[in-house]
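The values are calculated or read from the model by the stated rules, or taken from the named source; none is laboratory data. The structure presented is a predicted model; accordingly, all values stated were derived computationally and were not measured. Glycine gets a Cβ as well: all are built from the backbone with ideal geometry, and neighbour counts include every protein chain shown. Only protein heavy atoms, including side chains, enter the accessible area calculation; ligands, DNA and RNA are left aside. Shrake-Rupley method; radii C 1.70, N 1.55, O 1.52, S 1.80 Å.
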Amino acid sequence: MDVAPRHYEKVQDRMSRDEFDVKVREKIREWGGLLDTDAAALLVLEGLGIDVAEWTPIAGIEENAEVSVRGEVVAITPTRTFARQDGSSGRVANVTLMDASGTCRVVLWDDDVDLVEKGQIRVGAFVRCLDCFVRGTNFGLEVSRGKFGAILPE
């Protein structure tokens, strides 16, 4: 398993790399395979009491930034299926998150849509977007997991 070294660095004084990898695999199994290794590693760190994020108020997010935001889900669009240029199909759903400072749109792609379809992300629930990417769109700023981020229901 190739868990991002930046996550293991936070616990290397507490456990071996193998022990950390086992905990990450257990977390993935616990979530029914819905988590990738980065998201599972972040949950392992949190379980060990290690703060994994500095929260950015939603009103403070900026285009082309990597942020960690937390908020309540106030709206979810229906899942849409689309065809990619290579002919494969994809899925997308949009979630509106709200904190005390404002709201933002969070885009869930492909496997992350399962979190909505299985009820782990729903209106009224809280969601954490860790190390996610912000981009400007016609709809305003939107947050997505990107390559190294994680979107986690609480």
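If you check every pair at least six apart or on different chains, which have Cβ atoms under 6 Å apart with a residue in the stretch 116-143 that is small (Gly, Ala, Ser) first and a residue that is modelled with pLDDT under 90 second? These pairs meet every condition: Ala125/Pro153.
Looking across the stretch 52-81, the residues that are open to solvent by 90 Å² or more (accessible area, probe 1.4 Å) and either under 26 Å from Gly119 (Cα atoms) or among the small types (Gly, Ala, Ser) (or both) come down to Trp55, Arg70, Pro78, Arg80, Thr81. Counting only helices (runs of 4 or more DSSP H) that fall entirely inside the stretch 1-100 and contain at least 1 residues that are closer than 18 Å to Glu154 by Cα, the qualifying elements are 17-30, 37-47. Against the definition (touching a residue at least 60 places away in the same chain (Cβ under 8 Å) and either polar (S, T, N, Q) or open to solvent by 20 Å² or more (accessible area, probe 1.4 Å) (or both)), how does Glu19 come out, yes or no? It is false that Glu19 is touching a residue at least 60 places away in the same chain (Cβ under 8 Å) and either polar (S, T, N, Q) or open to solvent by 20 Å² or more (accessible area, probe 1.4 Å) (or both).
Restricting attention to the stretch 108-125, the residues being closer than 13 Å to Leu34 by Cβ and open to solvent by 60 Å² or more (accessible area, probe 1.4 Å) number 3.
Name the one entry in Arg145, Arg128, Arg105, Arg84 that is surrounded by fewer than 18 Cβ atoms within 10 Å (Cβ to Cβ), among the charged types (D, E, K, R) and either within 15 Å of the chain's Cα centre (by Cα) or modelled with pLDDT of 95 or more (or both). Arg105 is the lone residue from the list that is surrounded by fewer than 18 Cβ atoms within 10 Å (Cβ to Cβ), among the charged types (D, E, K, R) and either within 15 Å of the chain's Cα centre (by Cα) or modelled with pLDDT of 95 or more (or both). Return yes when Leu48 is farther than 21 Å from Ile28 by Cα, open to solvent by 40 Å² or more (accessible area, probe 1.4 Å) and of a type outside the set (Phe, Trp, Tyr) and no when it is not. When the stated conditions are applied, Leu48 does not pass them.
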